[in-house]
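J.: The structure follows.
The values are calculated or read from the model by the stated rules, or taken from the named source; none is laboratory data. Quick caveat, the model's predicted, so the values are computed rather than measured. Positions of Cβ are generated from backbone atoms using ideal geometry, with glycine treated the same way; all protein chains shown enter the neighbour counts.
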Amino acid sequence: MNLLTKYLETYFDEVNYKDFYRDIFPVGVLQCKGKDRYGDRKYNGIIVEVTNEKLNSGKPKVLRHTLTDDLEKLDEVVSRDNFCLMSPISYAGKTRDSSMARELYALAFDLDGIQTRIKDGEEWPYGLANFFHQVDHMMIMPKPTYVVSSGTGVHLYYVFERPVPMFENIVEQIEILKKELTRMMWHDSISKLVDEIQYEPVCQGFRVVGTITKTGDRVKAFETGGKVTIEYLNEFVRDEYKVKEFTYKSDLTLDQAKNKYPEWYQKRIIEKKGRGTWNFNRAVYDKWLERLPREANLGHRYWSIWVLAITAMKCGISLDELERDAFGLIDIMNNKDENKSDPFTEDDVLAALEGYDSAWYTYPIDKMSYRANIPIEKNKRNGRKQDVHIKYMNNQRAFKVEMGECTNGGRPDKQKTVQKWQLENPEGTKYQCVKDTGLSKNTVKKWWNI
């Protein structure tokens, strides 16, 4: 039996996967089966499943399931031995993207690298025991509602008494709170990976309870506490990390919201728009995909795929194409590990594909480069292909030469610019020359009448 599962079974009661998700999504909060997208004015959960079925390309087939109020899809995915992920969030439609996220039902944390010691001749998860000591006795860590044994680590679920709407300003604050709580949880007395803390977004998906783990066991959930509030979580962090402006799920119906917030309704419900975005040219994605087999390295395999996912999203690449490409890199990533001691699996790819989310639209290029440990040069061609851009720059240079602004390989000759303007404007003044040429007053004065 898994070491972490054995510890949790000793001190806590296991919860069936159906009961676990029913507690997160109470009866009536999700869309009813058979209704269209907004048929009953409710949203749904989304399960992502990587199957053992192979496409013609040899890559695994990925399915997305809509979780409705009956929770029947859970029975289906649990009955198979596939990798499955889901967030404790409801979505509008079938796109698991932050722009379509509607209500946050729990805040979930990933905790890996649990410290172990030998106790009574057996390995013992000292780090997990210390976490609960800090929760129950030192009271410096919030008590989770559930702890899920996911194989090599645990997931901590803080289920809210009332769901929190996924408004952008609220999510931004919760991201800050979650990052600080994550830092506290990955303390060196709990995790041996204190120098490699994994900070994950609020919308991060986690392995579905009841499905298979990396080690071949089943994901198990254990009840460890009661439901929580934002106010409760705020008590454990300094003021700069607290969520100060937030609201819980409104009691307004969608029709009432339409009347009260017509602009929001038009943008989010009718037009299904997210926040403003900016995009790359598709060639950027193709180039990155081409570079990964050569330049991805052992310590950054996950982040390389994660950056690929962000790039795909920014380039308008479909999720289906991204998944085919990403799963096709598994063998290549495993070849980076000469000792075969740390296999790169479908599960790692699924986690990395979380980068395909509009929450990362504005993620800086320099940070993408840092994460993947691969240099990325910023494209200054404004989306033009190289040959087109060269023609554009040559035309620009020819124009400047014609105007007397460039000589000697294109470098501006300010003296000739002033002289040419004076020849064309014999009655002109220095002020007019400055205005027409864009040169500074001192430059015009320097070359006037020379």
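J.: Looking at Leu85, Leu71, Leu67 in this structure, which one is within 19 Å of the chain's Cα centre (by Cα) and not acidic (Asp, Glu)?
T.: Step by step, each of Leu85, Leu71, Leu67 is checked, and only Leu85 is within 19 Å of the chain's Cα centre (by Cα) and not acidic (Asp, Glu).
J.: Here is a check on your reading of the model: is Met166 more than 20 Å from Leu30 (Cβ to Cβ) and out of contact with any Pro (no Cβ under 7 Å at 6 or more places or on another chain)?
T.: When the stated conditions are applied, Met166 does not pass them.
J.: Scan segment 138-150 and give yes if some residue there is out of contact with any helix residue (DSSP H, G or I) (no Cβ under 6 Å at 6 or more places or on another chain) and free of Cβ contacts under 8 Å to residues at least 60 places away in the same chain, otherwise no.
T.: yes
J.: Still on this structure: I'd like to verify a number: residues in segment 180-217 that are farther than 22 Å from Ala129 by Cβ and in contact (Cβ under 8 Å) with a residue 24 or more places away in the chain, how many?
T.: Total satisfying the criteria: 15.
Conditions (1) closer than 25 Å to Trp303 by Cβ; (2) assigned to a loop (DSSP other than H, G, I, E, B), marked per residue:
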| residue | (1), (2) |
| --- | --- |
| Gln198 | yes, yes |
| Lys214 | yes, yes |
| Phe222 | no, no |
| Gly225 | no, yes |
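J.: Report yes if some residue within segment 364-381 is modelled with pLDDT under 60 and farther than 27 Å from Glu323 by Cβ; otherwise report no.
T.: Looking for residues that are modelled with pLDDT under 60 and farther than 27 Å from Glu323 by Cβ, one finds at least one in segment 364-381, hence yes.
J.: Right, next: Can you find a residue in segment 181-201 that is modelled with pLDDT under 90 and within 21 Å of Tyr43 (Cβ to Cβ)?
T.: yes
J.: (1) exposed (fewer than 14 other Cβ atoms within 10 Å of the Cβ); (2) over 23 Å from Gly45 (Cβ atoms): which one isn't true of Gly226, the others all being true?
T.: Failing condition for Gly226: (2).
J.: I would also like to ask the following. So how many residues does segment 103-115 have that are assigned to a strand (DSSP E or B) and over 16 Å from the mean Cα position of the chain (by Cα)?
T.: Counting residues in segment 103-115 that are assigned to a strand (DSSP E or B) and over 16 Å from the mean Cα position of the chain (by Cα) gives 5.
J.: Could you list all residues from segment 313-350 that are acidic (Asp, Glu) and surrounded by fewer than 16 Cβ atoms within 10 Å (Cβ to Cβ)?
T.: Asp320, Glu321, Asp331, Asp337, Glu338, Asp342
J.: Does at least one position in segment 15-33 carry a residue that is within 30 Å of Ile330 (Cα to Cα) and either in contact with a Gly (Cβ under 6 Å, 6 or more places away or on another chain) or at pLDDT 95 or above (or both)?
T.: yes
J.: Which one of Val154, Val171 is touching a residue at least 60 places away in the same chain (Cβ under 8 Å) and either of a type in the set (Phe, Trp, Tyr) or more than 26 Å from Val29 (Cα to Cα) (or both)?
T.: Just one listed residue meets the conditions, Val154.
J.: Check Leu8 against each of (1) under 27 Å from the mean Cα position of the chain (by Cα); (2) at pLDDT 95 or above; (3) not in a loop (DSSP other than H, G, I, E, B) and name the one condition it does not meet.
T.: The failed condition is (1).
J.: Another question, if that's okay. Going by the structure shown, is Gly153 in the same structural domain as Gln115 (by TED's automatic domain parsing), within 23 Å of Glu76 (Cβ to Cβ) and either buried (at least 22 other Cβ atoms within 10 Å of the Cβ) or not β-branched (Val, Ile, Thr) (or both)?
T.: Criteria not met by Gly153.
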